[in-house]
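Report on one structure; see the data block that follows.
The values are calculated or read from the model by the stated rules, or taken from the named source; none is laboratory data. The structure displayed is predicted, hence computed values, not measured ones. Positions of Cβ are generated from backbone atoms using ideal geometry, with glycine treated the same way; all protein chains shown enter the neighbour counts. Please note that ligands, DNA and RNA were not included when accessible areas were found on the heavy atoms of the full protein model with its side chains. Shrake-Rupley method; radii C 1.70, N 1.55, O 1.52, S 1.80 Å.
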Amino acid sequence: MTTSVSPVRKTPTLRRLAVLSLSVAVLAAGGASATQSSSAASRTAAPRVAATPTTPPGSYPGPGRVTGDVGVHDPTIVVRPGGGYLLAHTGDNIALKTSSDRTAFRNAGAVFPNGAPWTTTYTGGSRNLWAPDLTYRDGRYWLYYSASTFGSNRSAIFLATSTTGASGSWTNQGLVIESRTSDNFNAIDPNLVVDASGRWWLSFGSFWSGIKMVALNPATGKRSDTTVRSIAGRNGGAIEAPVIVRHGNYYYLWVSFDRCCQGAASTYRVMVGRSTSITGPYVDRNGVAMTSGGGTQVLAGHGSIHGPGHQAVFTDTDAEVLAYHYYANNGASLLGINLLGYDTAGWP
């Protein structure tokens with residue numbers, strides 16, 4: 001649910017007035033800001049304009065206007081402590097981009113310009129690393145990312161950290177979790193979330209038995225126990241790219257349903273459920289458990305926007321923001337950005 005506003009990032013006060021005067025559920029932002037609610041946690045003073053009850057538009061609006069280097073897949077964006085934005089996405093050795101205004105983006109090199117040989121066991125020697133997840137906390141950037149090959153669950157999630165976020169500045173912190181062909185889950189598509197009590201969690205998963213969650217040690221970013229929790233699934237069907245964001249009294253679990261990576265034929269769509277507990281159970285608007293295939297649709301293909309998904313959700317100073325990739329008619333994968341609102345029942 002989105003409509004368009006000016007792509008220029010205004011001051012929080014002016015942008016807030018523009019948002020309220022439009023009275024819509026989800027507003028197309030002229031560029032995206034940062035990753036997840038975990039990045040928002042480091043900006044606790046940020047107002048959440050979109051919490052005002054809004055009226056959904058009659059159809060999905062297009063993404064907000066972005067310019068420059070906007071060819072991305074599986075984007076994640078974080079608000080930088082000194083201002084501006086850092087974006088990471090799937091690519092050789094994890095690709096980076098920067099923006100000063102959430103509208104114009106430019107190439108900023110790779111996380112590992114000299115390669116990441118520790119990942120090749122899982123990639124078959126490919127440099128292409130998938131589905132990064134960026135967070136800024138405790139004076140540094142935390143980057144979780146995936147190593148795998150298409151269609152396989154011989155996969156791994158790794159962690160890297162940096163104090164600047166610049167290409168080549170990242171320190172490999174090693175393996176977080178892996179999956180083998182004998183496992184019933186796939187260790188890709190990581191997402192860090194910090195709950196209201198300050199506990200760290202990592203959600204992840206793609207196909208197989210669905211979306212999983214493990215507890216993390218905040219001091220290391222690595223696992224704190226051996227428990228793997230199940231929080232969503234479609235009985236082996238297409239579900240992936242989890243993102244968990246706290247809004248009000250609920251944790252919202254965002255996922256992508258259906259097929260990615262087929263250009264303009266992609267059927268990806270953005271779904272959501274919620275729970276009062278970080279570990280679930282998550283249910284959709286109709287009360288269907290997400291472990292039983294539930295999910296409320298928030299965004300799907302429309303017009304020349306094909307297969308929107310692999311979403312990131314975060315709070316900036318002016319609103320909560322949804323970032324994602326979608327495919328153009330020519331099959332190009334592009335950055336999509338919209339602002340989020342919630343209806344009177346608390347659904348985005």
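The packing ranking of peptides 83-91, 151-159, highest mean first, is 83-91, 151-159, where packing means the average number of other beta carbon atoms within 10 angstrom of each residue.
Karplus-based coupling profile of region 98-113, in residue order and whole Hz: 10, 8, 9, 9, 6, 10, 8, 10, 9, 5, 10, x, 10, 4, 10, x, with θ = phi - 60° in 6.51 cos²θ - 1.76 cosθ + 1.60 and x standing for Gly or Pro. Simple spin-label estimate for Asn249 and Ser152 gives 4.8 nm between the two label positions (7 Å along the Cα-to-Cβ direction from each Cα). Measuring r between the beta carbons of Thr171 and Asn217 and using R0 = 25 Å, the FRET efficiency lands at 0.90. The fraction of all Cα pairs in region 71-339 landing in successive 10 Å bins from 0 to the largest distance is 7, 32, 40, 19, 1, given as whole percents. In this calculation the C-beta distance from Asn114 to Thr344 is compared with R0 = 51 Å, giving a FRET efficiency of 0.45.
In region 71-339, what percent of the accessible surface is made up of carbon and sulfur (1.4 Å probe, ligands and nucleic acids excluded)? Mind dumping the intermediate values first?
Numbers: 4150 of 9030 Å².
It is 46 percent, rounded to a whole number.
Between Thr227 and Thr121, the modelled labels are 2.7 nm apart [label points 7 Å from Cα along Cα→Cβ].
Taking only the C-alpha atoms of region 64-190, the Rg (one decimal) and the largest Cα-Cα distance, Dmax (whole number), read 14.5, 46 Å. Distance between the 7 Å Cα→Cβ label points at Arg199 and Arg285: 3.1 nm. If you plug the beta carbon distance of Arg259 and Thr163 into 1/(1 + (r/R0)^6) with R0 = 51 Å, you get a FRET efficiency near 0.85. Check Gly336: other-chain or 5+ apart residues with amide H under 5 Å from its amide H, H built from backbone geometry? Correct list: Tyr324, His325, Tyr326. Here the Karplus relation 6.51 cos²θ - 1.76 cosθ + 1.60, evaluated at θ = phi - 60°, turns the backbone of region 162-174 into coupling constants of 7, 8, 10, x, 6, 3, x, 9, 8, 9, 5, 9, x Hz, with x for every Gly and Pro. Accessible surface area normalised per residue over region 52-149 is 37 Å², counting heavy atoms of protein chains with a 1.4 Å rolling probe.
Computed 3J(HN,Hα) for region 251-256, one whole-Hz value per residue from the Karplus formula 6.51 cos²θ - 1.76 cosθ + 1.60 where θ = phi - 60°, is 9, 9, 9, 9, 9, 10, glycine and proline marked x.
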